[in-house]
Amino acid sequence: MGTAATPAPVAFGVVTGRQVHDILSAQMADIVDLVGDTYRAHARSLASNPPSHFLRFDDRPRDRIIALMADLRDETPVAGLKWIASWPENVRQGMPRASAVIVLNRRDTGYPYAILEGSIISAVRTAASAVLAAEHLRPHQARAGGKHARIGFVGCGLIARHVVDMFQARGWQFDRVMAFDVTAESAAQMLRHVAARTEAETVATCSCTDLIAASDIVVFATTATTPHVVDTRCFDHGPLVLHVSLRDLSPAIILAANNVVDDVDHCLQAQTSAHLAEQQVGHRDFVSGTIVDALAGRLDLDPRRATIFSPFGMGILDIALARRVYQEAQRRNAVHDIPHFFHDVTRWVDD
């Protein structure tokens with residue numbers, strides 16, 4: 001996954017959001033493969049992904065900060081942490097909902113060697129995970145270079161735009177792109193973003209359920225904290241649902257579908273739709289398998305049902321992608337080094 005030399009023992013640097021954006025924009029198509037490789041490494045016990053930790057606030061129940069830790073033990077070992085805040089009300093002030101930093105640590109000494117702006121990395125890895133699932137859960141003829149599809153987006157913020165860009169980078173084409181958001185201007189901005197990059201027909205819908213019923217692929221990228229889609233009939237045509245926001249669908253919809261997750265234990269927690277379904281029925285039998293099962297061709301899905309991919313978001317993806325960005329930033333001389341960041345150690349080395 002990466003071959004750059006390990007940073008110096010006490011080196012410490014910063015990679016800014018501008019550099020992260022520029023590096024990832026140039027590598028979009030490759031990131032899907034990196035995400036797939038990272039999932040496979042986890043399946044081979046070459047990566048550890050402890051449970052995420054949530055910092056919540058009694059006076060701000062919608063807000064949270066999440067710590068996602070990970071360890072990768074491949075040819076360029078690295079450990080790290082993503083510290084990501086979610087403040088949904090930021091959107092009303094014209095600010096992104098999420099802000100984040102990622103810290104990368106050496107595995108031989110434990111010393112941190114870099115901090116990167118993390119919200120872009122988080123959004124891009126989420127988009128790559130969704131597109132990876134689409135490439136392996138849609139019938140072969142509907143993938144890039146085959147049949148065009150109709151795609152609909154419920155929630156039209158930063159994540160949704162990255163998903164569109166990732167599909168395009170992988171060669172997908174769509175006959176129609178539909179958008180629904182509780183804020184009409186967000187849907188309009190999303191469709192302008194699409195129109196500038198593709199010749200697909202763009203349609204703003206007045207109803208989330210209408211969008212679902214008219215889409216072959218549905219992407220949920222909202223800030224919802226509880227299910228708001230409850231009508232199972234919307235999914236009777238068996239769409240692929242990329243449920244990246246995790247909490248939009250009622251347990252009844254989950255239980256009526258094929259369900260694929262990134263990691264069962266991670267996804268069935270924190271009141272996700274899948275977690276609510278487990279609480280309702282008392283078992284996990286409704287989970288058809290994982291994304292690694294899909295990559296390996298081991299899934300047996302009912303074609304009459306909708307297929308829902310629910311990626312909780314694994315820290316290993318953030319750390320793998322952050323390492324890739326850091327390596328490229330090194331190559332470009334774009335890491336802002338901070339000499340003497342570790343005062344005592346630096347003094348010892350200088351002496």
Practice prompt. Check whether at least one residue in segment 111-134 is surrounded by fewer than 18 Cβ atoms within 10 Å (Cβ to Cβ), of a type in the set (D, E, K, R) and not assigned by TED's automatic domain parsing to the domain that holds residue 240, and report yes or no.
Written response: no
Worksheet entry | Candidates 20, 15, 10, 32, filtered to the one that is crowded, with 16+ Cβ neighbours inside 10 Å, under 27 Å from residue 170 (Cα atoms) and more than 20 Å from the chain's Cα centre (by Cα) | 15
Response to the item:
Counting only residues in segment 61-84 that are in contact (Cβ under 8 Å) with a residue 24 or more places away in the chain and farther than 20 Å from residue 105 by Cβ, the one surrounded by the fewest Cβ atoms within 10 Å (Cβ to Cβ) is identified as 62
Discussion item. Quick check on segment 261-269. Is at least one of its residues within 17 Å of the chain's Cα centre (by Cα) and under 16 Å from residue 134 (Cα atoms)?
Written reply: yes
Item to complete: Test residue 243 against the stated conditions and say whether it is closer than 30 Å to residue 74 by Cα, assigned by TED's automatic domain parsing to the domain that holds residue 226, in contact with a Phe, Trp or Tyr (Cβ under 7 Å, 6 or more places away or on another chain) and at pLDDT below 95.
Response: no
Worksheet item: Within the bounds of segment 43-59, is there any residue that is out of contact with any strand residue (DSSP E or B) (no Cβ under 7 Å at 6 or more places or on another chain) and over 21 Å from residue 262 (Cβ atoms)?
Response: yes
Practice prompt. Would you list the helices (runs of 4 or more DSSP H) that sit entirely within segment 241-351 and hold 3 or more residues that are over 28 Å from residue 16 (Cα atoms)?
Written response: 251-255, 264-267, 273-281, 291-295
Worksheet item: Hey, any hits in segment 112-123 for a residue that's over 15 Å from the mean Cα position of the chain (by Cα), among the hydroxyl-bearing types (Ser, Thr, Tyr) and modelled with pLDDT of 95 or more?
Response: yes
Discussion item. Tell me whether segment 211-226 contains one or more residues that are of a type outside the set (Val, Ile, Thr), part of a loop (DSSP other than H, G, I, E, B) and touching a helix residue (DSSP H, G or I) at 6+ places or on another chain (Cβ under 6 Å).
Written reply: yes
Discussion item. So residue 238 ticks every box in (1) closer than 23 Å to residue 8 by Cα; (2) in contact (Cβ under 8 Å) with a residue 60 or more places away in the chain; (3) in a loop (DSSP other than H, G, I, E, B) but one. Which box is left unticked?
Written reply: (1)
Worksheet entry | Lone qualifier among 115, 121, 102 - being touching a Phe, Trp or Tyr at 6+ places or on another chain (Cβ under 9 Å) and either closer than 23 Å to residue 33 by Cα or assigned to a helix (DSSP H, G or I) (or both) | 102
Worksheet item: What pairs come up if the first residue lies in segment 191-209 and is closer than 18 Å to residue 175 by Cβ, the second is among the hydroxyl-bearing types (Ser, Thr, Tyr), and their beta carbons are under 7 Å apart, counting only those six or more places apart or on different chains?
Response: 191/202; 194/202; 195/202
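Residues are listed down the side, and each one gets a yes or a no for (1) over 26 Å from residue 133 (Cβ atoms); (2) modelled with pLDDT of 90 or more:
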| site | (1), (2) |
| --- | --- |
| 7 | yes, no |
| 11 | yes, no |
| 27 | no, yes |
| 40 | no, yes |
| 43 | no, yes |
| 47 | no, yes |
| 53 | no, yes |
| 79 | yes, yes |
| 86 | no, yes |
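The values are calculated or read from the model by the stated rules, or taken from the named source; none is laboratory data. Note that the coordinates shown come from a computational prediction; the quantities given were computed from them, not determined experimentally. Positions of Cβ are backbone-derived with ideal geometry, glycine not excepted, and every protein chain shown enters the neighbour counts.
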